[in-house]
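Only one structure is covered here, and it is reproduced in the block below.
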Amino acid sequence: MSKKIKIFTISDHPLSPSGVGGQTRYIIEGMLRTGKYQFVSFGGAIKHQKHEPQHTEEWGHDWVVWPVDGYGNADMVRAMIHQQKPDILWFMTDPRFYGWLWGIENEIRAHVPMVYYHVWDNYPYPRFNRPYYLSNDHVACISKLTYDILQTVTPEVDSSYIPHAVDPEIFKPLGAETVIEHRKNRQINDKFLCFWNSRNARRKQSGTLIWWFKEFLDEVGHDKAALIMHTDIKDVHGQDLEVIVHELGITAGQVLFSQEKVLPQDLAMVYNMADVTINISDAEGFGLSALESLACGTPVIATMTGGLQDQITDGTNWFGVGIEPVSRAIIGSQEVPYIYEDRIAKEDFLAALHKMYNMPAEERAELGAASHTWAESNFNFDEFIQTWDALFEKIVLEKGSWETREQYNMYEMRTF
């Protein structure tokens, strides 16, 4: 194509450390490396000191990021569409944040197709989302569960399964000598090390994890294991983890908090140092920490919910321990009338920890190697970029934009 494809993106700020921001950046930079694309982005979901447009040194004017509060608003989108004349509008995160955007889809889709990278955590089928799904030209789904939802709720909407991926140059096994040296420097040595890298939010079960981990320590010895939690211990959406640690009397290094923002390379080192990564969320659209861990060759303990199910097993082999929920409560809100909340049993979690703890070192190393191979083959980064490139080209060719936008009708005829 002689003319570059211009894509307008709306998501978490692509240079922020969030999972949504990171995946957005992977997609954008992967497309830019082909030389076929330009991007304008709304960078949302964080507080901004300034709202002037931003450029990266590497990509210059081929990628302009506009800091916005929230994810922007209808007037800002209207202005961007008509000023920049993009070929595609691409947006990502939970649909709760985009009702206002779908509210003006008749204005947007008259000129450009809308591509939504969809995040959804669980069943039952959210039929209340059907009007949202119908407001897109294509919905890409991060998990097999989400893809099944699209195929069931709106089979007439084009959709595809495109799971997340992580940079293999960063998230990879780092070698035994390097790992041993870093464990020694952090005074972990031969301890059984568990890693938890998630937001301190209610559904992540951060307080439950500490409480149950203390019981595990009581059984194996408080000097035999440690838990590193990379999170904000006083997040307003979660629990005060510092209070919990003091309440349980585990203040001698049994639970170590990592609160500062760190480079991805530093996170990769912690994954490598860990014997197992834990994710026991009661709802999880994908669970990026699990994939980062597997890519580094570290097995996971995870709830069999949402996108975590796609990662921990290939249907035959297991890359850690998957824990089936013992309780599935229907919870909800005014925006989400119903969704399952998957809770696991303490006994099953402790059994999973003991299984990994008692596993011989050689067997655990073999499991880690298999985990890395599985992540590399099933969540391949190059295939992730190639899939998005092919999808964007297909959208431009088949759906058109501006002068070539012929398939979209702003109205429909109904017979009553």
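Structure summary
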{"quantity": "Within the range 325-349, tally of residues that are touching a helix residue (DSSP H, G or I) at 6+ places or on another chain (Cβ under 8 Å), modelled with pLDDT of 95 or more and of a type in the set (D, E, K, R)", "calculated": "2"}
{"quantity": "Residues of the range 109-160 satisfying the condition of being in contact (Cβ under 8 Å) with a residue 60 or more places away in the chain, more than 20 Å from Thr303 (Cβ to Cβ) and not aromatic (Phe, Trp, Tyr)", "calculated": "Arg109, Ala110, His111, Val112, Pro113, Val115, Asp137, His138, Ala140, Ser160"}
{"quantity": "Residues being under 30 Å from Glu260 (Cα atoms) and assigned to a loop (DSSP other than H, G, I, E, B) - total across the range 1-32", "calculated": "6"}
{"quantity": "Residue ID - modelled with the lowest pLDDT, chosen from residues in the range 369-416 that are among the basic types (Lys, Arg) and surrounded by fewer than 19 Cβ atoms within 10 Å (Cβ to Cβ)", "calculated": "Arg414"}
{"quantity": "Whichever residue in the range 154-171 is closer than 21 Å to Leu267 by Cα and more than 12 Å from the chain's Cα centre (by Cα) and, among such residues, is surrounded by the fewest Cβ atoms within 10 Å (Cβ to Cβ)", "calculated": "Glu169"}
{"quantity": "Test: residue in the range 180-201 that is in contact (Cβ under 8 Å) with a residue 60 or more places away in the chain, touching an Asp or Glu at 6+ places or on another chain (Cβ under 8 Å) and under 26 Å from Trp388 (Cβ atoms)", "calculated": "yes"}
{"quantity": "Every pair of residues 6+ apart whose Cβ atoms lie under 8 Å, when the first sits in the range 203-228 and is in the same structural domain as Ala252 (by TED's automatic domain parsing) and crowded, with 16+ Cβ neighbours inside 10 Å while the second is in a loop (DSSP other than H, G, I, E, B) and among the acidic types (Asp, Glu)", "calculated": "Arg203/Asp282; Arg203/Glu284; Gln205/Asp282"}
{"quantity": "Among (1) under 19 Å from Gln205 (Cβ atoms); (2) crowded, with 21+ Cβ neighbours inside 10 Å; (3) hydrophobic (A, V, I, L, M, F, W, C), the one test that Ala351 misses", "calculated": "(2)"}
{"quantity": "Search result, residues across the range 221-233 that are in a loop (DSSP other than H, G, I, E, B) and out of contact with any helix residue (DSSP H, G or I) (no Cβ under 7 Å at 6 or more places or on another chain)", "calculated": "Gly221, His222, Asp223, Lys224, Asp232"}
{"quantity": "Residue list for the range 23-57, restricted to those being more than 25 Å from the chain's Cα centre (by Cα) and either of a type outside the set (Asp, Glu) or under 27 Å from Asp382 (Cβ atoms) (or both)", "calculated": "Gly35, Lys36, Gln49, Lys50, His51, Pro53, Glu57"}
{"quantity": "Near pairs, Cβ below 7 angstrom, 6+ apart or cross-chain, from the range 24-42 (in contact (Cβ under 8 Å) with a residue 40 or more places away in the chain and over 17 Å from Gly72 (Cβ atoms)) to any residue that is assigned to a helix (DSSP H, G or I) and charged (D, E, K, R)", "calculated": "Met31/Asp389; Thr34/Asp389"}
{"quantity": "Selection status of Val262, of a type in the set (A, V, I, L, M, F, W, C) and either at pLDDT 95 or above or within 19 Å of Ile210 (Cα to Cα) (or both)", "calculated": "no"}
{"quantity": "Filtered residue count, the range 384-394, keeping only those that are closer than 15 Å to Tyr161 by Cα and either in the same structural domain as Glu292 (by TED's automatic domain parsing) or without any contact (Cβ under 8 Å) to a residue 60 or more places away in the chain (or both)", "calculated": "2"}
{"quantity": "Per-region count, the range 203-220, residues over 20 Å from Asp190 (Cβ atoms) and in a helix (DSSP H, G or I)", "calculated": "11"}
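A quick yes/no check of all residues on (1) basic (Lys, Arg); (2) under 21 Å from Leu267 (Cα atoms); (3) touching a residue at least 24 places away in the same chain (Cβ under 8 Å):
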{"position": "Thr277", "(1), (2), (3)": "no, yes, yes"}
{"position": "Leu288", "(1), (2), (3)": "no, yes, yes"}
{"position": "Ile301", "(1), (2), (3)": "no, yes, yes"}
{"position": "Ile312", "(1), (2), (3)": "no, yes, no"}
{"position": "Gln334", "(1), (2), (3)": "no, no, no"}
{"position": "Pro337", "(1), (2), (3)": "no, no, yes"}
{"position": "Leu353", "(1), (2), (3)": "no, no, yes"}
{"position": "Tyr357", "(1), (2), (3)": "no, no, yes"}
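The values are calculated or read from the model by the stated rules, or taken from the named source; none is laboratory data. Predicted model, so just to flag it, every value in this text is computed and none were measured. Don't worry about glycine lacking a Cβ; one is built from the backbone with ideal geometry, like all the others, and counts go over all protein chains shown.
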